[in-house]
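Please treat every number below as a calculation from the coordinates, not as lab data. Since the structure is predicted, the reported quantities are computational estimates derived from the model, not experimental observations. We place every Cβ from the backbone using ideal geometry, glycine too, and count neighbours over all the protein chains shown.
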Amino acid sequence: MTLSFRRLPRRLVVVARKGGVGKTTTAAQLAMALAQIFGIEVLLVDQDPQANASARVGVAEGEAPRTLNDVYLWVLQHPEFGIHHAIHPTTWPGVSVVVAEEALKFRESEGDHLMDLRLRLAFERSAAELAERFGAVVIDTLPGTGALLRNAILGATDLLVVTDPEPDGLKGADRAIKAAQSIKATQHPDLNILGILVNGYDASLGEHQRCVADLVAAHGDLVWEPWVPHRADVLTARGLQVPVQRIKANGARDYVRKLNIHARRIGAALDLQENK
Ligand SMILES: Nc1ncnc2c1ncn2[C@@H]1O[C@H](COP(=O)(O)OP(=O)(O)OP(=O)(O)O)[C@@H](O)[C@H]1O
Ligand SMILES: [Mg+2]
């Protein structure tokens with residue numbers, strides 16, 4: 001299968017081996033930060049059958065007429081079908097979504113050479129529609145190593161690892177980087193492995209300080225500063241299904257300020273031009 005990505009917006013995949021490290025929070029918040037800072041529309045693709053990213057941006061289960069599961073099922077059967085057929089609006093400014101649903105879990109074990117290229121094919125089919133409307137795509141993934149994750153990485157142009165500053169998270173970040181390097185070496189030479197973002201950092205915890213020091217010792221410049229802090233306002237925003245930007249509190253402002261530093265760095269890597 002020969003595919004051209006020339007006209008497609010760049011696509012950032014957010015990955016981690018360990019669950020609960022903040023992939024979904026980071027992916028959704030980065031999507032909105034990229035939209036705001038670079039004055040673009042961003043498409044958030046929810047690759048996790050838990051559909052947390054879909055809920056995070058305010059789309060209720062069953063609300064979107066088509067889901068990513070439909071995309072996986074139809075893209076190989078209908079030559080005209082692309083991911084743009086499943087785009088749904090959100091309440092977050094500048095962010096649209098392709099929602100997940102629980103049935104997506106049945107796609108997780110359907111891996112082989114062709115099946116792993118379904119998301120990439122769905123993007124390619126929609127190249128014109130996506131290029132016209134979106135400046136970037138952000139893909140949220142599920143923890144693990146199955147077919148959905150391989151599809152997400154093979155469909156992306158750029159990859160960001162998220163970890164928490166805990167020993168298990170570090171092990172997961174290490175494995176995620178090695179897995180990405182292996183996919184780049186064998187199947188996807190154009191993949192840019194951007195770096196490792198530390199989320200949920202608490203400066204008062206000695207263990208967090210030790211863990212980030214170990215992470216930097218192991219991966220050097222791949223580890224992105226500043227560490228994104230653990231802030232209760234992030235949980236408040238989640239409960240209200242609003243972006244953290246909407247919470248008027250010091251903790252929320254601190255989180256957003258640090259995340260925006262990463263968003264600017266990602267935008268530069270994706271060749272986006274900042275709004276002046
Ligand atoms: N920086 C933060 N400060 C405080 N809470 C956070 C932060 N980042 C994430 N959380 C909270 O931690 C929990 C897990 O976050 P999230 O759902 O983003 O992780 P995940 O890696 O996507 O999980 P999963 O592996 O289940 O997909 C959520 O309740 C989220 O609101
Ligand atoms: Mg998640």
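Key figures for this structure:
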| read-out | value |
| --- | --- |
| Computed Rg/Rh of the range 10-270, alpha carbon atoms with Kirkwood Rh | 0.95 |
| Neighbour-count ranking [beta-carbon atoms within 10 angstrom, fewest first] of MET115, MET32 | MET115, MET32 |
| Paramagnetic reach from GLN241 in the range 70-108 [backbone N under 13 Å; point 7 Å along Cα→Cβ] | 89-92 |
| Burial order of peptide ranges 92-103, 213-224, 233-244, 146-157 (average beta-carbon count within 10 Å, highest first) | 146-157, 92-103, 233-244, 213-224 |
| Within the range 5-32: backbone nitrogen closer than 12 Å to the ASN192 label point (7 Å, Cα to C-beta) | 10-13 |
| Total lysine pairs whose alpha carbons fall under 19 Å of each other in the chain (8 or more apart, or interchain) | 8 |
| GLU225, GLU207 arranged by Cβ crowding within 10 Å, fewest neighbours leading | GLU207, GLU225 |
| LYS248-ARG7 FRET efficiency (beta carbon distance; Förster radius 41 Å; 0.05 resolution) | 0.55 |
| For ILE247, ILE139, ILE37, order by how many other beta-carbon atoms lie within 10 Å, fewest first | ILE37, ILE247, ILE139 |
| Pairwise FRET efficiency - SER204 versus LEU76, Cβ, R0 = 51 Å, nearest 0.05 | 0.50 |
| Local net charge near ALA86, Cβ-Cβ under 10 Å (Lys/Arg +1, Asp/Glu -1) | 0 |
| Centre separation in Å (Cα based) which lies between the range 46-79 and the range 165-188 | 26 Å |
| Sum of side-chain charges, PRO243 neighbourhood, beta-carbon under 13 Å (Lys, Arg +1; Asp, Glu -1) | +4 |
| Point-to-point label distance, SER182-ASP214, nm (Cα→Cβ direction, 7 Å offset) | 2.2 nm |
| Amide H partners (placed H, <5 Å) of LEU44, local residues excluded | SER96, VAL97, VAL98, VAL138 |
